[in-house]
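Structure first, commentary second.
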Amino acid sequence: MNLIEENKSLKSYNTFGVEANARYFIKVESAAHIDELLAGNILKNNNCLILGGGSNILFTGNYDGLIVHNCLKGINTVHETATTVEVEVMAGENWHHIVTFALQNDWGGLENLSLIPGLAGAAPIQNIGAYGVEVKDMITQVHGIDLRTGLHRTLGSEECAFGYRDSIFKHELKEFFFISSITLSLTKKHHRIATSYGAINDVLKQQQITKPTIQQVSNAVQQIRRSKLPDPTQLGNAGSFFKNPVVSETHYKLLQQEHPEIPGYKSVNQEVKVPAGWLIEQCGWKGKRIGNCGVHTQQALVLVNYGDSTGNEILELAMRIIASVKSKFNIELQCEVNIK
Ligand code: EPU
């Protein structure tokens, strides 16, 4: 059985919806597919890129190597107590489907991460986070296969070196570690309701909800996301294009002298996290369209493809934004999206 396709269009495999071809492409739907991949020469002789939902990647040209598209499916309870449940989720499951599944069972932990695009396997890589919660808070294990050796490995949460939109899978284990599943620990009772992230409380207040259930928190998060973030099926995008930069307290104080209204949130080591969306908006980019791409009207952190943009056009726009922010604020924005 030859599972590997050649010259495969990636347009429907990246949420920016840009045109690019992969020299080789394989959909991994079972352990047998992995065995076949490991046995052949294409993996050994080519660069390899593991692709989930394509919601955090920008292709700036064809990919001259092998794309391994993770389509492993399944959700299984592996351990349960009176108050908690551990579920193993296969990496190819749609993230929001897992959130919905947890809510249907009244399992808490994932509600603030509602509606994040992408697949479960990508969640630990960039430690997805939203509205005051990060997936590292629920991940107990990450399971995968080293594609160079074929060896299986399970990493405990502490071995994953999770940070803000960061993990070991972006560094030491980059490119060759195929995440096959993740284990999440969720609450069955005494859910930890986290609504302190500004907009959630406002939405709940409008609905006169004072003691929200996890489903109501999820509904509020979904309402906020739908109002601010474009739906990738309607308008190509990859969520936040940049990370929120962290600056020293001294730098922040200097910035405050010139821009007294600059927002900032205390981070670790006396540093301050500044919303990149604010910096970009101050540089006049919010809602701006340049040719076929632009900066979203409701959230300046998000770059959008109005239809026929190439990856390079989007990258060029990103570079112009980085240069503006550097020149106005002396802050170097880093891309959150993977550029290929
Ligand atoms: N802001 C602006 N203008 C903008 C956007 C934001 O002034 O156009 C300022 C406002 O001061 C606002 C603050 O930025 O109060 C924070 O904005 P928001 O709550 O929208 O969050 P964010 O910091 O821009 C981060 C994540 C999002 C996540 C939200 C909610 C990053 C890079 N992004 O955005 O994650 O949904 O918080 O938790 O950390 C993603 O990673 O793809 C993503 C969408």
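Output the number of residues of segment 153-180 satisfying the condition of being within 16 Å of the ligand (Cβ to nearest atom) and acidic (Asp, Glu). Here the count works out to 1. Within segment 304-324, the set of residues being of a type outside the set (Asp, Glu), closer than 15 Å to residue 285 by Cα and either more than 21 Å from the chain's Cα centre (by Cα) or part of a helix (DSSP H, G or I) (or both) comprises 314, 315, 317, 318, 319, 320, 321, 322, 323, 324. When residue 268 is tested against (1) part of a strand (DSSP E or B); (2) away from the ligand (no atom under 12 Å from the Cβ); (3) among the aliphatic types (A, V, I, L, M); (4) out of contact with any His (no Cβ under 7 Å at 6 or more places or on another chain), just one condition goes unmet, and that condition is (1).
The set of residues from segment 99-144 being assigned to a strand (DSSP E or B), away from the ligand (no atom under 16 Å from the Cβ) and either at pLDDT below 95 or surrounded by 21 or more Cβ atoms within 10 Å (Cβ to Cβ) (or both) comprises 108, 139, 142, 144. Residue 162: of a type in the set (A, V, I, L, M, F, W, C), within 26 Å of residue 340 (Cβ to Cβ) and either surrounded by fewer than 18 Cβ atoms within 10 Å (Cβ to Cβ) or in contact with a Cys (Cβ under 8 Å, 6 or more places away or on another chain) (or both), yes or no? Judged against the criteria, residue 162 is not a match.
Filtering segment 114-134 to residues that are over 10 Å from the mean Cα position of the chain (by Cα) and without any contact (Cβ under 8 Å) to a residue 60 or more places away in the chain leaves only 134. Of everything in segment 286-303, what is part of a loop (DSSP other than H, G, I, E, B) and either at negative phi or in contact with a Pro (Cβ under 8 Å, 6 or more places away or on another chain) (or both)? Give them in sequence order. Listed by number, the residues that qualify are 286, 288, 292, 296, 297, 298, 299, 300, 301.
The set of residues in segment 235-276 being basic (Lys, Arg) and under 30 Å from residue 12 (Cβ atoms) consists of 243 alone. Would you say residue 262 is within 13 Å of the ligand (Cβ to nearest atom) and assigned to a loop (DSSP other than H, G, I, E, B)? Taking the combined requirement at face value, the residue satisfies it. Does at least one position in segment 248-263 carry a residue that is of a type in the set (D, E, K, R), touching a residue at least 12 places away in the same chain (Cβ under 8 Å) and surrounded by 18 or more Cβ atoms within 10 Å (Cβ to Cβ)? No; the residues of segment 248-263 include none that is of a type in the set (D, E, K, R), touching a residue at least 12 places away in the same chain (Cβ under 8 Å) and surrounded by 18 or more Cβ atoms within 10 Å (Cβ to Cβ).
Could you grab me the full set of residues in segment 286-299 that are within 11 Å of the ligand (Cβ to nearest atom) and touching a residue at least 24 places away in the same chain (Cβ under 8 Å)?
Scanning segment 286-299 gives 295, 296, 298, 299.
Among the residues of segment 18-33, those that are surrounded by 21 or more Cβ atoms within 10 Å (Cβ to Cβ) and not in a strand (DSSP E or B) comprise 18, 20. A search for C-beta distances below 8 Å between a residue of segment 273-285 that is on the phi > 0 side of the Ramachandran plot and any residue that is more than 6 Å from the ligand (Cβ to nearest atom) and of a type in the set (Gly, Ala, Ser), counting only pairs 6+ apart in sequence or on different chains, returns 284/324.
Does residue 150 meet the test of being of a type in the set (Gly, Ala, Ser) and in a loop (DSSP other than H, G, I, E, B)? Answer is yes for this residue. Among the candidates 195, 183, the residue that is more than 13 Å from the ligand (Cβ to nearest atom), surrounded by 19 or more Cβ atoms within 10 Å (Cβ to Cβ) and either on the phi < 0 side of the Ramachandran plot or free of Cβ contacts under 8 Å to residues at least 24 places away in the same chain (or both) is uniquely 183. A single member of 257, 282 is within 12 Å of the ligand (Cβ to nearest atom), more than 27 Å from residue 62 (Cβ to Cβ) and more than 21 Å from the chain's Cα centre (by Cα), and it is 282.
The values are calculated or read from the model by the stated rules, or taken from the named source; none is laboratory data. Just so it is clear, the model here is predicted, and its values are computed rather than measured. Cβ coordinates were reconstructed from backbone atoms using ideal geometry, including for glycine residues, and neighbour counts include every protein chain displayed.
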